[in-house]
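Written below as structure tokens is the structure these notes are about.
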Amino acid sequence: MSGDHSHNDSQIESGSRYNDSHKHKDKYKDKEHRHKDHKKDKEREKSKYSNSEHRDSSDKKHRDKDKERLKLKDGSSDKQKDKHKEKKKEERSFDGKPKKERENGFASPLIKSEPENDDFYLSPKHEKSLKRERDDDDAEFKPKKIKTEDDRSEKKAKKRKQVEEDIKPKKKTKGKKGEVATDGKKKAKKEPEDKWKWWEEERYTDGVKWKFLEHKGPVFAPPYDPIPSNVKFYYDGKHMKLSPEAEEVATFFAKMLDHEYTTKDIFRKNFFKDWRKEMTSEEKSKISDLNKCDFSEMSEYFKAQSEARKAMTKEEKLKIKEENERLLQEYGFCVMDNHKERIANFRIEPPGLFRGRGDHPKMGMLKRRIRPEDIIVNCSKDSKHPKPPPGTKWKEVRHDNKVTWLVSWTENIQGSIKYIMLNPSSRIKGEKDWQKYETARRLKKCVERIRSQYREDWKSKEMRIRQRAVALYFIDKLALRAGNEKEEGETADTVGCCSLRVEHLSLHQEMDGQEFVVEFDFLGKDSIRYYNKVPVEKRVFKNLQLFMEDKEPEDDLFDRLNTSILNKHLQELMDGLTAKVFRTYNASITLQQQLSELTNSEENVPAKILSYNRANRAVAILCNHQRAPPKTFEKSMQNLQTKIDAKKEQLADAKRELKSAKADAKVRRDEKSKKAVETKKKAVERVEEQLMKLEVQATDREENKQIALGTSKLNYLDPRISVAWCKKFDIPIEKIYNKTQREKFAWAIDMAEKDFEF
DNA sequence: AGCGAGACTTAGCATTGGGCGA
DNA sequence: TCGCCCAATGCTAAGTCTCGCT
């Protein structure tokens, strides 16, 4: 596994805690709460960065790797590939290399009919060019050739069985045949008995995304429901009846009154400005100061409403639920190429006040109501077009099968386009996801070459090359995002790698006993703070000094670089390579390494799952996926501790009982008392296990306080790694993936065997 | 090359609802 | 059976990257 990424280890050993040792900093107060004090700082600090030399292996080694790589490209000496060749259909579909089975396996009428495709599969001579690789595995442009293999269906059947066995038949595991919802839920709704396995089918070529698309259009937000007239608004202490338009916007503000941001200047200013636009001229002339507005009655009214909603009877709740279900059934699905597919967001975003994240200059602005006249519908010509609500019409109906969206509109805050698209379980999303991981796996094959290249480039005579090389090093080592430029004043001030400014790093010749430490402190995506102290190689350090020379804090660190230059370069290194592939690659390879390191096959299932979560956590830390500690965190931790204490007591009791039973048995020496001892022994064991389970849970939760595992699980970790791990250690897949996740990763669950290797 | 529009993925927070213990 | 709590789901903002134009 040449893709080893030793730097990752460094972040993990300590049991994977988020590094928040920056608490004393008072920049970015906003996010400060996330980085509260942590007792293990020191410890973590040490272990986290102990591994500064992570890629310091000699240049020579890299050169050798380079040679190896070239060989790999020829496809002849790749052991791994040979090993996997016979079995892995997924490699067949997305992997760039020609495989034997390609040549024997399929007739590929599709390919034949498209002359420009011939060479991808057949002629070895083409293998030499980098270009070919891309083409071959670019899902969108190449047909899959899967079905042609003869033994395939047989294998498939076998596999499917395995999967089914692995998935413990629980109450209502989705639509596997023969399984009826056992708990009598009315929702034994007949999902298609056999889930469609799109991953076994051919893919489209030429950027066509579908041939047929039919849907019912979007669901609009309910019209404004005026508040009762006894709920009053006061201006300057005097009751004032607002026009419906002005009133609606006022209710948006009233609903947010409890939020901190209604106290923020920018928010109030933006809101007031937009609110005034909705007022009648009379209202406008009267209402000139937001501070004189009293929304409290409105606010109380809405609070009461939500209480009332909670207190509804079962029947009422059920009714609402049924209505939602009906809406889902009617609007939540579309037909794309003969298959009914779930739509992700079929409801149009309701109007409200915009709340950007972080210090957003547009917070508080009015997000206007979307009307049918704003909507562009996309569907196929020969489908039944969705109807606009009576008396309205669509802005446009188009038939563009080169895109995946069903509906779009332009949002008024940033002027960007919003879309209605399909659910992650859909073919169109799944294929793309699968392809993403295949690209990352290709990076694995050449990452050493790329690393040695950027290390070389640190010495380049050209500034732009050096900057590019250092930036790439950060992206690779620290999993930073690319960092596109952003329009100033339009969004919160956040950065990624290429947009780092001098003020975001400080250099320390020596720090905490380590040489050449770079201290990062900046706000990244969603204004989440990235804080990290990283020992780097001397050459990187010197380069950074050079880049920062004679610059102001607000100047760009990489003034000769942007994402487009970087990505163009990456594209030359490997087809399909962009900055974000490194994140995917490093995340997945880290998971795989950590799993193999942390999993102890002797341990029981909860312990193994803790290991899994720790591996997952290592990735989340690498990718800086944070969350605000849940509001009820302390309390729920306490609750758990109480449970643990109770369990301990119970255990003590059980042990005592066992002891006395033993004593008893010694005296009596009869069958009955012996049996009693056995029973007590069992009881002790049972309680011990329960205790252990609780303790594991507590550890897991504590470690997870500020770390969000979901994002990496959903977007960065090749699901086949997890599936393989489950199979290898006999862990039911439900322990790792919930229902939604299992739907999204159905392809991986179906195809990955226990020996899958990323 | 630089730019803006467009399409699509990635992200954290808010709300919901269902399971579970009292 | 009820109410609590947390996992699941829903929501939509904020990124990345490509493409076509100038």
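Nothing in this text is a laboratory measurement; each read-out follows from the coordinates by a stated rule. What you see is a predicted model; the values in this text were computed from it and never measured. Here the Cβ is made from the backbone with ideal geometry for all residues, glycine too, and neighbour counts use every protein chain on show.
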Long pairs among A:195/A:486; A:551/A:580; A:310/A:395; A:381/A:444; A:647/A:754; A:693/A:728, criterion Cα-Cα beyond 31 Å: A:195/A:486; A:310/A:395; A:381/A:444; A:647/A:754
Loop-located trypsin sites (Lys or Arg not before Pro) in region A:638-697, at most 12 other Cβ atoms within 10 Å (DSSP): A:669
Mean separation of Cα contacts under 8 Å (6+ apart) over length of region A:198-350, as relative contact order %: 41
Gyration tensor (alpha-carbon) shape descriptor, region A:346-492, a/c threshold 1.5: oblate
Nitroxide proxy distance, nm - points 7 Å out along Cα→Cβ at residue A:648 and residue A:313: 4.9
Anisotropy class of region A:624-748 from Cα gyration tensor, a/c 1.5 cut: oblate
Size of charge dipole - region A:460-537 - debye, nearest 20, with Cβ of Lys, Arg +1 and Asp, Glu -1, no other charges: 340
Interchain or long-range residues, amide H under 5 Å from residue A:422's placed H: A:344
Inter-part distance where region A:672-744 and region A:265-316 are each reduced to a Cα centre, Å: 46
Per-residue ³J(HN,Hα) for region A:596-605, Karplus 6.51 cos²θ - 1.76 cosθ + 1.60, θ = phi - 60°, Hz, x for Gly and Pro: 6, 6, 8, 6, 10, 5, 6, 6, 7, 4
